Each structure stands twice: as structure tokens, then as C-alpha cells.
1. Inside region 374-393, can you point out the residues that are charged (D, E, K, R) and touching a His at 6+ places or on another chain (Cβ under 9 Å)?
2. Return the only residue of Asp237, Asp282, Asp219 being over 30 Å from Pro673 (Cβ atoms) and surrounded by fewer than 16 Cβ atoms within 10 Å (Cβ to Cβ).
3. Is it the case that Ile34 is surrounded by 16 or more Cβ atoms within 10 Å (Cβ to Cβ), closer than 17 Å to Ser153 by Cα and of a type in the set (Val, Ile, Thr)?
4. Looking at His332, His363, His342, which is the one that is within 16 Å of ligand 1 (Cβ to nearest atom), on the phi < 0 side of the Ramachandran plot and crowded, with 24+ Cβ neighbours inside 10 Å?
5. Here is a check on your reading of the model: is Leu173 part of a helix (DSSP H, G or I) and away from ligand 1 (no atom under 16 Å from the Cβ)?
6. Hey, can you tell me all the residues within region 155-194 that are outside the structural domain of Arg90 (by TED's automatic domain parsing), of a type in the set (Ser, Thr, Tyr) and within 16 Å of ligand 2 (Cβ to nearest atom)?
7. Is at least one residue of region 122-144 touching a Lys or Arg at 6+ places or on another chain (Cβ under 6 Å), surrounded by 15 or more Cβ atoms within 10 Å (Cβ to Cβ) and assigned by TED's automatic domain parsing to the domain that holds Phe50?
8. Going by what's in this entry, would His113 be described as closer than 21 Å to Phe50 by Cα, within 16 Å of ligand 2 (Cβ to nearest atom), within 29 Å of the chain's Cα centre (by Cα) and surrounded by fewer than 21 Cβ atoms within 10 Å (Cβ to Cβ)?
Amino acid sequence: MNFQPLFGKQEFLHGADYNPEQWLDYPEVLEQDIAMMKQANCNIMSVGIFSWAMLEPQEGVFNFAWLDDVINNLYKNGIHVFLATPSGARPAWLSHKYPEVLRTSQDRVHQLHGGRHNHCLSSPIYREKVKIINSELAKRYANHPAVLGWHISNEYSGSCHCPLCQENFRKYLKNKYKTLDNLNKAYWSVFWSHTYQDWDQIESPSTIGENAVHALNLDWKRFATYMAMDFCKSEIDAVKPYNDKLKFTTNFMEFFYDYDYFEFAKVIDFVSWDSYPRWHFDKDELPTASYTAMNHDLMRSYKNGQPFVLMESTPSCTNWRDLSKLKKPMMHRLSSLQAVAHGADSIQYFQWRKSRGSSEKFHGAVVDHVGHINTRVGHDVVDLGKTLSKLGEIVGSSTKAEVAIVFDTQNRWAIDDSQGPRNAGIDYLQIVHEQYKAFWNRGISVDIIDESCDLNKYKLVVAPATYMIRGDFAKNVESFVQNGGTYVSTYWSGIVNETDLCFLGGFPGPLKNVLGIWDEETECLADFEEVDIKFDINNILNIKGSFKGRMLCALIHANEANILAHYESDFFANRPCVTCNNFGKGQAYYIATRMDDAFNEVFYSKLTEQLGIKGAIDTTLPKGVTCIARYNNDNKYVFVMNFNKTEQNLQLDSNYINLETQETLSDIVHLEPYASLVLKKA
Ligand code: GLA
Ligand code: ZN
């Protein structure tokens, strides 16, 4: 399948957040910047993100002259813009005159003006003021040929607990539950006499109030997602009438906690995100590399495989972690091409020019305080610009993932809130990452989906720790397996429904049939404890030997399922630990404990082999080297990435053309430390 290039042209976007309003006292800067942008092959800048105070210095008084100048000059020089709505941070006059726009925290403290991303999303005044500035921007620029699309606000996050938001929360709940009785039952609120007698008694969770009703906590997070989406929609509604051809995005963040992005993605046209991996923080780059790859796969999966925009990344360091590590030579190229490999059709930075003052003055940027790009970082960016200009034919190409891993944000919230069996943290995200790594190591493409997604296009669906089963997920799993799919489940699955009520009649609740097991109880191991697992001779995957489990151990009965492995130690020795149930035309595996990496490697390699699922290149990949493929109509593109500090050799399985040098490669390719190559199958 081929996607239409998002912005009509068969070329990569390369650019940055551009904040020229910080430099209006330095009139020479715009011209210098544009010259450097051209030198770096930049064709896109995101403008206006935090410009509200410059655009509307007083209520109802607008000043667009500076932005006219910026947009016109960029365009004259072949550079387009993503135009931002400025709602991410508000001018002081607004907070001062209308304090209701300020957020109230969960402990009911009304905040002062300052920072950003901290408004009340219910406030009619805030919505009105945003609508006014958005409409003014749209009136003036929505038909400007420079504008490629809308960058709606910036990194929406959090929620507000003011009286207006409480009122909206109650409305949301009334709409969901219809009667208070339904809500009380769904919340099991009779516990501790927490039954609500009136809708008005319902308040958002708070450390100074109610925080023990898990279903309330979950609904509050769902409501926060709904509010942010609703706000984003209202921003879009303000600008859309001026040119309905322009597309919308808002920039997402990595495995974001506050909102369910699978829901949120429904209100935008294309996904964009801000990626800041922890390169060089650990002894080797492998955990960061596979974790970042998984993030990119998630972003691509929000819109069914449609390429995404890398809205922000740093060309050198961040400044908000304990350490601000520079990107070592070759890492900028590697990390950017990694994004492209997983579906990005753009590489953009935060930010173009480093601020002179305030909190981000030491955050990496393309142009440093020295004022030119004849720098190490500048050269990296210029080189990447050249590389991207040679890869245009890849734009719009897709990923053929036969494997999906389920990461469900609502399940994550529920797991984290659950008291027992392990309050010190089950680390759902890490559990998902552990499965993902086994595929990444083999160069097998994976979609990261949630419980609401379609399963039928995959051969294999891996869904670890699906504690909460919501919507039609269990039904969908059954029909997926019935029709020949392979499903992998683990411990701590099928425990509660979507309002956190435990399934009665035996775990894993609605997954019991398809998995063919009964999970009778769960033992929680102390951090120093491990349990031994041994595979039975002649097990269906032909796995040999012993492995270790930790953290949680489901003590199961293999009712209809076949047993592949048993526990070998502790009081539950000899009970089944890995099972497989034949169900319809497919198979459903269950892994009863958190296995070590050695197990995941063997298990997924045997399973993918059996299912005929292959990596991008049919070869054995050296550790830390991975290959990821993108496809368009007739072509296969393979991104070869060496995340090691050491040189490596890779055995190719066919002839390839290096897209940058046009050289034909076959047999063994030598890879320098942190090398990345873009190959096209000959
Ligand atoms: C976020 C924001 C940017 C900037 C960067 C710094 O992604 O959107 O405005 O603060 O972080 O890393
Ligand atoms: Zn509010």
C-alpha cells in the first residue's frame, strides 16, 4: 500500500520550530536564518507556537506585521510553514483580567500566571479568546501559499479541577451512565459507604478527597482525554472555515500518560510527535534504540500506518534531564534515519535558533549562540538535509507489519492504580518493551496497537498483561484466533472490566475460552526472587532448556490448553507455566510469569519462524544492528542501523542500491560505529 505524500510533494520535510519573535530586536537575524536554512536544505518551519503575546499584545489589539514578514520571506525562499495556534501559552493580560482561565490543581489550588500548558480547558473565556486569535490567524494566513498545515497548540497535557471542570465532568458521567444507580454499581461505591446520592456530590479525584474509587480515577483520565480532544476540536473549528484543505496536527509525546492518544488521534488529520531519546545515557544504546523504535511504531499505528511527522527532535542535547548529553558523531543521522525507517516523512528540530535567555537557552538548537552553522551540530544538520534530499522516493511508503503488540493506555492507568499484587510497580510499559525488543533484534516490523484496534490484518498479536479488558477486545481476540491468528497473552491478564470490576467466575475472565486455562491465583515475588522454568521434551515449539521468571507468577490450570513448560521451583513447582490452546484455526499462548530476555528471544524466534514472519533482510543480524523496511508500489527500502559503538559486518541477502551513493551492494557490508544506510532492493 502506498500513502499519498502528506503534503503533495515527493520530498521529505526538513526544518524546525522557528521562534523569530524572540529576535525582533535583531533585524539582521531573519535574513541570516533564511540563508542558513537554505544551506541546510530546510523546507519547513513551525511558526507562531508561543507567539500569542506578540500577536495580541493587548486584548483585541493585533500585530501581525512581524509574522507577515517572516512568512513572506520564508516563502520567497522556498520554505513552507506549519502555522501554530498559540494556545499553549497565554499573554499575561489574559490571566490577569480573567483568572478563571488559570488551572486548578488536583489539590484544589488555583494556579498563578506563569509556565505554559496550564489553562482550564472548560473556561468559556479561554475558549473564546483562543477562538478569536485562531480566527484572526486563519483569516490572514490560511490561504497563504506558504502554509502547509496547522500545528494546533503545543503538547496538550494535564487537566484542571476547577468548578467549571467539575461541572463538565458530571455532565460527562451523566451522559455515560445515564443513572446514578448505574454509576454506583459500576464504581462498586457501596464499599466504604462511598455511594453517591446526588450527581453534585461527584468530585474529581484528589489527594485531599476521594482517590480510592478506581473506576472514578479511570473515568477522570478518560474525561481529561475527552476535554483535551474537545478543546483541540474547538481550535480546529475556529480555523477550518477559512481553508478546509489545510490539514491538522497537534504534537504528541512519547508513551504519553495523561491522555489516550488512540482516541485523541481521531480529531487530527496526521500524527506528529516530539522525540527526545536518551542517547548515550547508558552503557550501550540498545535499550534506548529499541524503546525509541517502539515509540515511532506507536505513532505510525495511531493512524493505521499513515506516515507521521517528526515535529521536534534535538540536533544535539536536551536540557531538561539530569544530564545534557551531546549527540556523538553519526548519532544525529542515525537517530533521524531511525525515525524515517519507522514511518516519519519529516525530520524537524526544536528549535532553529537557540534562545538567548530564559529556561531553554542551553537546549540544543541548529544555530547556537555563536550565530552560524559552521559548527559540529550545524554540519550534522546540513549533511542530513543533503541525505533527505536524495530519499524523496520513500515519502508516502508504508510498513508491512504482520505482528502487532498491544499497549493500551487505559490498561496502563488501571494497572498502575491497582492495589495488589505489586504496588511497587508492575511497569507495564517495560513489559511491553521486553516483548518488542525480541522483534526489533530480528528486524521484524511491529505495529503498536491498543484494545480498540482491528486485529485481523495481523498474523501474530502479542498482548502482555492485559489486566483490563475493555470494549470488544475479548470478542475480537476470539474471532481473530478462530480465523487462524496467533495470540500471545501473559500473567495479569483478563482481571477487570473497564470500570475496574473483577471478572467473576475465574480469571482470565473473557479470555478464558480462547486461552483454555484458569488462572487461580497470582504469586508476587520479592525483587531478589526468581523462579525456574523448564520446557517439556517435545513441546510444540521445540524450545529446549530452562529459563527464569520473576515479579508475578500466575498459578494456572491448563484446562483445554497444551502445556509447553512447567515451573520448577517454589511451592508451585510442576504447575504449568507456558501453554498453547488450539482454538478454531488458530492458537493462543499463555505465559504465566515475567520471563527473562533469553526466553523472549527463543520464544519469539521459534514462533515467528513457525508463522513464516520474516525480518527486513533474511539474515542473522549482529547484536545492536537492526534493519527495518518500508515499501511502496514496486520497491522495498531497507534501513540498516548500527547502534553499536563498534564496527560491524552485515551479510546481505540480495543486491541492494545505496540510495545516497547509487552504489550497488551485495554480500557483506561493513558498518562503522553508529552507521546508518538506506538501501533499495535491486
Ligand atoms: C517540548 C516543547 C518545546 C520545547 C522542547 C524541549 O517538546 O514542545 O517547546 O520545550 O520540549 O525539549
Ligand atoms: Zn477548569
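1. First, the residues of region 374-393 that are charged (D, E, K, R): 376, 380, 383, 386, 390, 393.
Passing the criteria: Asp380, Asp383.
2. Working: Asp282 fails: over 30 Å from Pro673 (Cβ atoms); Asp219 fails: surrounded by fewer than 16 Cβ atoms within 10 Å (Cβ to Cβ).
Being over 30 Å from Pro673 (Cβ atoms) and surrounded by fewer than 16 Cβ atoms within 10 Å (Cβ to Cβ) holds for just one of Asp237, Asp282, Asp219, which is Asp237.
3. Numbers: surrounded by 16 or more Cβ atoms within 10 Å (Cβ to Cβ): yes; closer than 17 Å to Ser153 by Cα: no; of a type in the set (Val, Ile, Thr): yes.
Taking the combined requirement at face value, the residue does not satisfy it.
4. Numbers: His363 fails: crowded, with 24+ Cβ neighbours inside 10 Å; His342 fails: within 16 Å of ligand 1 (Cβ to nearest atom).
Residue meeting the stated conditions: His332.
5. Working: part of a helix (DSSP H, G or I): yes; away from ligand 1 (no atom under 16 Å from the Cβ): yes.
For Leu173, the condition - part of a helix (DSSP H, G or I) and away from ligand 1 (no atom under 16 Å from the Cβ) - is met.
6. The answer is Tyr172, and nothing else.
7. The first filter runs over region 122-144 and keeps only residues touching a Lys or Arg at 6+ places or on another chain (Cβ under 6 Å), leaving none.
Looking through region 122-144, none of the residues is touching a Lys or Arg at 6+ places or on another chain (Cβ under 6 Å), surrounded by 15 or more Cβ atoms within 10 Å (Cβ to Cβ) and assigned by TED's automatic domain parsing to the domain that holds Phe50.
8. Numbers: closer than 21 Å to Phe50 by Cα: yes; within 16 Å of ligand 2 (Cβ to nearest atom): yes; within 29 Å of the chain's Cα centre (by Cα): no; surrounded by fewer than 21 Cβ atoms within 10 Å (Cβ to Cβ): yes.
No: the conditions fail for His113.
The values are calculated or read from the model by the stated rules, or taken from the named source; none is laboratory data. Because the structure is predicted, anything quoted here is derived from the model rather than measured. Cβ atoms come from the backbone with ideal geometry, glycine included; neighbour counts cover every protein chain shown.
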